1. In deg cm²/dmol, rounded to 500, what helix-only [θ] at 222 nm does chain B give when every DSSP H run of at least 4 residues adds -39500 (n - 2.57) and the total is split over its residues?
2. For the stretch C:162-218 and the stretch B:433-486, compute the distance between their C-alpha centroids and round to whole Å.
3. What ranking of B:Tyr331, B:Tyr376 comes out by heavy-atom accessible area, probe 1.4 Å, highest first?
4. Report the dimensions of the stretch C:4-298 along its three principal axes from the alpha-carbon atoms, largest first, rounded to Å.
5. Given a 1.4 Å probe and every protein chain left where it sits, what share in percent of the accessible area of the protein assembly as shown is carbon and sulfur?
6. For A:Asp65, what charge total do you get from the other residues with a beta carbon under 12 Å from its beta carbon, if Lys and Arg give +1 and Asp and Glu give -1?
7. Accessible surface of B:Arg235 in the full protein assembly, 1.4 angstrom probe, to the nearest 10 Å²?
8. In Å², rounded to the nearest 100, what is the total accessible surface buried by chains C and A against each other with a 1.4 Å probe?
Amino acid sequence: MSLDKATVAKIAHLARIKVPEEELDHLAGELSQILTFVEQLGEVDTNNVPPMTSVAAQKLRRRKDEVTDGGYRESVLSNGPETAEGFYVVPKVVE
Amino acid sequence: MGALTHLTMAEALDGLAKKEYTAVELTEAHVKAVETIRPLNAFITETPDKALEMAKASDARRAKGEVGPMEGLPIAVKDLFCTRGVLTTAASHILDGFKPEYESTVTTNLWRDGAVMLGKVNLDEFAMGSANITSYHGNVVSPWSPGEVGNWSRQLVPGGSSGGSAAAVAARAALGATGTDTGGSIRQPAAFTGIVGIKPTYGRCSRWGVVAFASSLDQAGPMTRTVEDAAIMLRSMCGFDPKDSTSVDMPVPDFRAALTGDIRGLKVGIPREYRVEGMPAEIAKIWDQGIEWLKAAGAEPVDISLPHTKYALATYYIVAPAEASSNLARYDGVRYGLRVEGGNLKDLYENTRGAGFGKEVRRRILIGTYVLSAGYYDAYYNKARQVRTRIKWDFDEAFKSCDVILTPTAPSTAFAIGEKMDDPIQMYLNDVFTVPASLAGLPGMSVPAGLGSDGLPLGLQLIGRPFDEETVLRVGHVIEKAADFTATPPFVA
Amino acid sequence: MSYIQGETGDWEMVIGLEVHAQVISNAKLFSGAATEFGAEPNSQVSFVDAAFPGMLPVINEHAVEQAVRTGLGLKAQINLHSVFDRKNYFYADLPQGYQISQYLQPIVGKGEIVLDLPDGSSRTVGITRLHLEQDAGKSLHDQHPAKTYIDLNRSGVALMEIVSEPDMRTAEEAGAYLRKLRSILRYLGTCDGNMEEGSMRCDVNVSVRKPGAPFGTRCEIKNVNSIRFVMAAIEYEARRQIDIIEEGGKIDQETRLWDTTKFETRSMRSKEEAHDYRYFPDPDLLPLELEPEWVEDIKKTLPELPDDKKARFISEYKLSAYDANVLVSEKAKADFYEAVAKGRDPKLAANWVTGELFGYLNKAGKEIEESPVSAENLGGLIDLIADNTISGRIAKEVFEAMFETGEKPADIVEKKGLRQVTDTGAIESSIDAVLAANADKVEEFRSGKDKLFGFFVGQVMKATQGKANPALVNEILTRKLKG
């Protein structure tokens, strides 16, 4: 599988990572190499093989419906790069 | 006081109990050692004040007769574990300045049992790497590097991702360190630096408060200088945590009690597929030596087959990046860490993540994003999950005829910084022996077994049945004794 | 079938609804933070909800139970094995960068809802699925000219997404669907259905086609927050699509927003680019396995739902389908009615509840829960009519006073002296006085002008301030006039 520059740019946008134009070519090469490497999985017969969700052989535990967390706004906001009046702040979003 | 840093945990516990020294004295020696090994760049954050404060508290507890299983032992914490009020970086620019207001479950358990924190150690960025060269805070140098300190003739890697942990423990700056292992990140650096590292069964250690790389694979574990120390520290780290849905509610055994030395009649599986083409002779030799040691101790080697071994790396390099691409989406410059402004929110995201992630992390996020994207999910991600099932089945089948599996830990000794750097696949091959057990969620341990022709440590890996760390530790203990690995790195504190 | 007239003939709307219903629970779906509405910003946020490094989800059992309860109430298939997936996208109020949802294997499968239409007929709409997911936080755009403020209080609150089949054909049906769904959720106690507070939100899928033709391209109108707006948005959107097609254009499948001031839909600017959500099973969670016995236990605690209640009201109380519909639309109304009807004439009780009471409540803009007249007091009023203490006419006056003051009917009757006069002597003397004062009219009556009877009744009632028992007045007046 070979990825072209445009595809890499598209993925980078999907992942919200800015990639300088001049790095796209090199990155496309590296990613293609990795994809080529993983393509060997095609050799494995996986008919009727269930995809693994978790190696933990157990059931999903459920917790009680009790309020046990939250209520510490200062701690939640203390690492925020920009906050105001108890909110996180980002540039204006237009819907 | 130099000798204090050369103690094992077991010895130190003994000395503390006999009041030969206090926790403060033990900690002071280590704080000094941490300073001494600065040229290795093993620590991202040193916390000497906190260490001494904790040591004082430990001595006070001891005076009252309250003695935890790790009472007064100074350790290093991989900077992937969130520690309250202490900078936690995951070795990434994107977590600049992040001081969590919470403490990971594993470190909470360690402090509960009396351990003392020396600081936060370096790692590959977000634990992605096998050489500790992807850290935003600079690479870690192995204390095994030859030549003059700081002016090494060959700068060797300590392995990764827990490279800072491995270097600190090998260089005698900490009695032990926490590591995390996603595809071999505890076992491979342990092998490279001549120490012991165990990744327990998936679900043994809580992942709560550990910065996530690949959720279905990540497991914490101890890195120590002896198997006995690993048993001591593992017991403190493990335990059921209701805050982690994948944590297993099972009693934690006294792992130290499992080190009986008696492995008579035990069946040790030797997987034929691990004898990969082009395996260096000295790796094959140390493996054969390991088999002989176990035979001599009364165990019975059995030939086993793990037919999908060769597909493990490819599986891993789909599953882990896919999960990582999603796990790392939260680093967006809004609530913590780095923010690089942009005119609008989209630019803020792209600038922050563009600047905040290093090249390896970026590469993996992009691969992960790609294999999950529309049209490719089935061909890549779902296929990899199916192969993962087959790899797990291989182990299930193998454990019908053996009790534990013996393999080399890594395909080579430590390499120098600058080698294998251009080719991601070459780098990924480091994990060829460790990844299968990770994919199957099995416990795996690396034990130092000898030195290669280059004078660098070689490790052997033991893989056990789910939740049978005891057998892994018992067999590892036997190898440790037989190997009588006493070599120390040229640079120690 | 009601079609829309276009330039080129009839058009049919095809409507499907996706409702996001906030689960009633104390804590969030995957964290222990509180869910109360209207708290200070970011005060009900845990490190899990704000997606701090290393934080992990643990599922709230009650939220699961609520989803199962709702599924059972929708007569739907309960899936004993379901899976939580991550839906990946970046948005300011989505701290994880993904929403934990259920994609391929939801907790609830196919079900149905019976719509009660205004003409008394009913129609069944299919439910495709119901799944559990996390709500996002809230973006506030009006706090600052250049900034958006983020409040994560809602982040992680449990939602049920309830998806209908594209079975509706008119805006009225969509309205009836939402009212019925809301009613069922409230009966079940799984969602308060409060659209103003956002605890029930609706995404509307609309397409148009020529009758009998295959489905057209649909547009999705996001987050419409009242039934009235849903109906208006459908009407607008269908007309917009018809106009485009009839002018030779093509409908683009897209997400649109409902503008509540202009009453029109518009294309969403921020979500223009195609999404690729990269769903995959959340590795922090395991598949959700339900025990059949657990589901059975929940089934046993289900309340009587509107459809069953309606059938019972018709058979037990002999009510009309219309009255039964009105009464069962809300559980509180039905409960109120049954309290009034108990031991009384059920039809009379229905008349008072649906007539006077609902009329007054409606005018006052009050919910049944806020009614100043309690069921006990309304029952008391009906009792006063039944035992002839007051007449039906006076009862309406008493009711008005009850609605204003909340007082007991008997107290009002006493205080205002409205007790019916049944003393024949007193009535006779009133009648005698009226007849004496109107001797000419008595003559006219006796010479055949029968219609004057009403005049005499009126005069007597006036003289007794309406309190005279009308039957007695009639009887005595008839006797006296015959003379």
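The values are calculated or read from the model by the stated rules, or taken from the named source; none is laboratory data. Keep in mind it's a predicted model, so treat the numbers as computed, not measured. Don't worry about glycine lacking a Cβ; one is built from the backbone with ideal geometry, like all the others, and counts go over all protein chains shown. Each accessible area value is taken on the protein alone, full model and side chains, heavy atoms only, with ligands, DNA and RNA left out. Shrake-Rupley method; radii C 1.70, N 1.55, O 1.52, S 1.80 Å.
1. Rounded to the nearest 500, it is -10500 deg cm²/dmol.
2. Comparing the Cα centres of the stretch C:162-218 and the stretch B:433-486, I get a distance of 60 Å.
3. Accessible-area ranking of B:Tyr331, B:Tyr376, largest first: B:Tyr376, B:Tyr331.
4. Sorted largest first, the three principal extents are 60, 53, 33 Å.
5. About 49 percent, which is the carbon plus sulfur part of the accessible surface.
6. +1
7. Accessible area, nearest 10 Å²: 100 Å².
8. 4200 Å²
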